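Sharing a structure below in structure tokens format, with a few things to ask.
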Amino acid sequence: MAAISILQAGPLTSVQDLGRARRRREGIAVGGALDPLAARLTNLLVGNEEGSALLEITLGGLRLRFEDDRTVAWSGATLSARLGEGEIPAGRPAVVRAGEELEFGQASAGCRAWLAISGGIDVPLVLNSRSTDLRTGFGGYVGRALRDGDQISLGSASPPGPRSPRLADWSATAEWTQTAVTAPVLRVVRGSEWDEFVREAQSSLLRESFTVSAKADRMGVRLEGPILKRANDWELPSEAVAPGTLQVAHDGQPILLLGDCQTIGGYPKIAHVITVDLPRAAQLRPGVTVRFQEITLAEATALFLERERSLQLFRVGLSLRGE
Amino acid sequence: MEIVALGDAALIVRVGESLGEVLTTLQKLEAADLPGVTEVAPAFASVAVFLRSPEELAQCAAVIPSILGRRARATNKTRAPRLLEVPVCYEPEFALDLEQVSQHCGLAPQEVVKRHAAARYRVRCVGFTPGFPYLSGLPAALATPRRGTPRTAVPAGSVAIGGGQTGIYSLPSPGGWNIIGKTPLRLFDVNREPPALFAPGDQVRFVAISAEKFAQWQQ
């Protein structure tokens, strides 16, 4: 079985797919690629199913060698992906030949990137997903982040032709593939405890900026900024939270939850980042400032539907190319 | 009953703190098999409904009240709650905070253990870490506030009291509850189906065991 060799794993590289649904009642996080669109898109670019397993790279620094010819595509943070003398731009399929090395530089902006390889990463399904649950230590590649020297099996895929060009002469839209923007604005809808916050807290959330603290991981991002006060201090019975939930801890500072978040939580939920802005949320790294903009649920729905329509057109485009 | 949005692709159906109401709601929502619903999951006083797309949210919120208004079908599917007996060693090597609980409650350590093991509990919810059961039914006299400084590493299997609840750490994790014993049972194992030992609604009873018995269990 063909494999890739991890020559240098970087700070945190893990195997992910679209996550582990239907297990919340057991307290199991959904997990998966923190930018599910990037996972779907890069998989489509290399001819995989959208839910195939791929690598999630944190802050760059990954170097890997291929045993056989594969098509690859990546997207996400602003970083360089060097292949031989050239570079592979985000969102553009490229052919890697047997024995070649692919090397990701340090991210100059953003936090995470996703690398899809034709055939997908071949790790066992655990609870119906190939995602690594890093907190609990199962799934993915033996339940952990990749290390230098790991050999990771790939699924079978029809190899790129011997005369396939190194780089495709087209790429997916930058809006989807280059998600690390300067001064990100994340759109939110109101949370169930929005009304429990004092008016100043509501306006601070939407007018001021927040800095991503050092407490940032796949579970969530702790933000620092104006104190968001509640009008009361009722204890809330713990209830469901989800990726995108913006909850406010007792110290008045918001925590933006990401894919590996717990299934339930007792902090008040002031707002939620909308589904189409989760890719940008996945790019927040310590030190970056972020703002929030309120939109209605109807607008969030319209944005989602528009994105899915564009993605459908993109799929059709790929099939018409016969790639 | 109140239905609130959880972001743009999920709903929370709040039904109050009765466990029976939560379980009935869960069962009705599952049985309804609503289009676009990917998952239904219970919490303490609510059931969350997760959707494939924000498009389904309004429609789903609109039909839920009538689904919940239906009389629960008393079928064989409404199984009686399971009773799980959980062996616990309350001896000092595992009962790291028994002394503090005893002092806070003004009860001798043996009395704390006796009362903890005599009570009947129900699993309200599974969360915090995979497989961690939050149990209701702790005798009021045993309620003890969480530790001021949480431990950075609590061993899996630790039985603990946090405020008016009791629970069992399913995996090694940080935690602020007062540890009064340890069970040799594995609460979470991905190689088992289902991986979590406990499910919401289960009845639980703790059975005190000796340190020798604990060691035998582990073999």
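The values are calculated or read from the model by the stated rules, or taken from the named source; none is laboratory data. Not measured: the values here are computed from a predicted model. Cβ placement follows ideal geometry from the backbone for every residue including glycine, while neighbour counts extend to all protein chains displayed.
Hey, can you tell me all the residues within the stretch B:161-195 that are surrounded by fewer than 23 Cβ atoms within 10 Å (Cβ to Cβ), part of a strand (DSSP E or B) and small (Gly, Ala, Ser)?
B:Gly162, B:Gly163, B:Ser173
Still on this structure, please answer the following. With the requirement that a residue be in contact with a Lys or Arg (Cβ under 9 Å, 6 or more places away or on another chain) and buried (at least 19 other Cβ atoms within 10 Å of the Cβ), what does the stretch B:38-63 give you?
B:Val40, B:Ala41, B:Pro42, B:Ala43, B:Phe44, B:Ala45, B:Ser46, B:Val47, B:Ala48, B:Phe50
Taking the stretch B:24-64 only, how many residues are assigned to a helix (DSSP H, G or I) and closer than 15 Å to A:Arg24 by Cα?
Going through the stretch B:24-64 one residue at a time, the tally reaches 2.
Now a separate question. Could you tell me which of the residues A:Leu278, A:Leu228, A:Leu313, A:Leu236 is in a helix (DSSP H, G or I) and either touching a helix residue (DSSP H, G or I) at 6+ places or on another chain (Cβ under 8 Å) or closer than 20 Å to B:Val49 by Cβ (or both)?
Within the list A:Leu278, A:Leu228, A:Leu313, A:Leu236, the selection yields A:Leu278.
Can we say A:Phe210 is farther than 30 Å from A:Asn43 by Cβ, touching an Asp or Glu at 6+ places or on another chain (Cβ under 9 Å) and surrounded by 15 or more Cβ atoms within 10 Å (Cβ to Cβ)?
When the stated conditions are applied, A:Phe210 passes them.
Can you tell me which residue is surrounded by the fewest Cβ atoms within 10 Å (Cβ to Cβ) among those in the stretch A:213-237 that are out of contact with any Ser or Thr (no Cβ under 9 Å at 6 or more places or on another chain) and small (Gly, Ala, Ser)?
A:Ala214
I would also like to ask the following. A:Ala116 - would you say it is part of a loop (DSSP other than H, G, I, E, B) and either more than 20 Å from A:Ala282 (Cα to Cα) or away from chain B (no Cβ under 14 Å) (or both)?
Here the answer is no, as A:Ala116 does not meet what is asked.
The rows are residues; the columns are (1) β-branched (Val, Ile, Thr); (2) under 21 Å from B:Leu23 (Cβ atoms); (3) at pLDDT below 95.
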| position | (1), (2), (3) |
| --- | --- |
| B:Arg70 | no, yes, yes |
| B:Glu91 | no, no, no |
| B:Leu96 | no, no, no |
| B:Val113 | yes, no, no |
| B:Val126 | yes, yes, no |
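If B:Leu107 satisfies every condition in (1) out of contact with any Phe, Trp or Tyr (no Cβ under 6 Å at 6 or more places or on another chain); (2) more than 9 Å from every other protein chain (Cβ to nearest Cβ); (3) not in a loop (DSSP other than H, G, I, E, B) but one, which is the exception?
For B:Leu107, the failing item is (3).
Considering only residues that are touching a strand residue (DSSP E or B) at 6+ places or on another chain (Cβ under 6 Å) and part of a loop (DSSP other than H, G, I, E, B), look in the stretch A:263-275 and name the one that is nearest to B:Ser170 (Cα to Cα).
A:Thr263
Hey, can you tell me all the residues within the stretch B:159-193 that are under 15 Å from B:Val204 (Cβ atoms) and among the polar types (S, T, N, Q)?
Selection gives B:Gln165, B:Thr166, B:Ser170, B:Thr183.
Every residue in the stretch B:9-28 that is in contact with a strand residue (DSSP E or B) (Cβ under 6 Å, 6 or more places away or on another chain) and within 12 Å of another protein chain (Cβ to nearest Cβ), please.
If the condition is that a residue be in contact with a strand residue (DSSP E or B) (Cβ under 6 Å, 6 or more places away or on another chain) and within 12 Å of another protein chain (Cβ to nearest Cβ), then B:Ala9, B:Ala10, B:Leu11, B:Ile12, B:Val13, B:Arg14, B:Leu19, B:Val22, B:Leu26 are the ones that fit.
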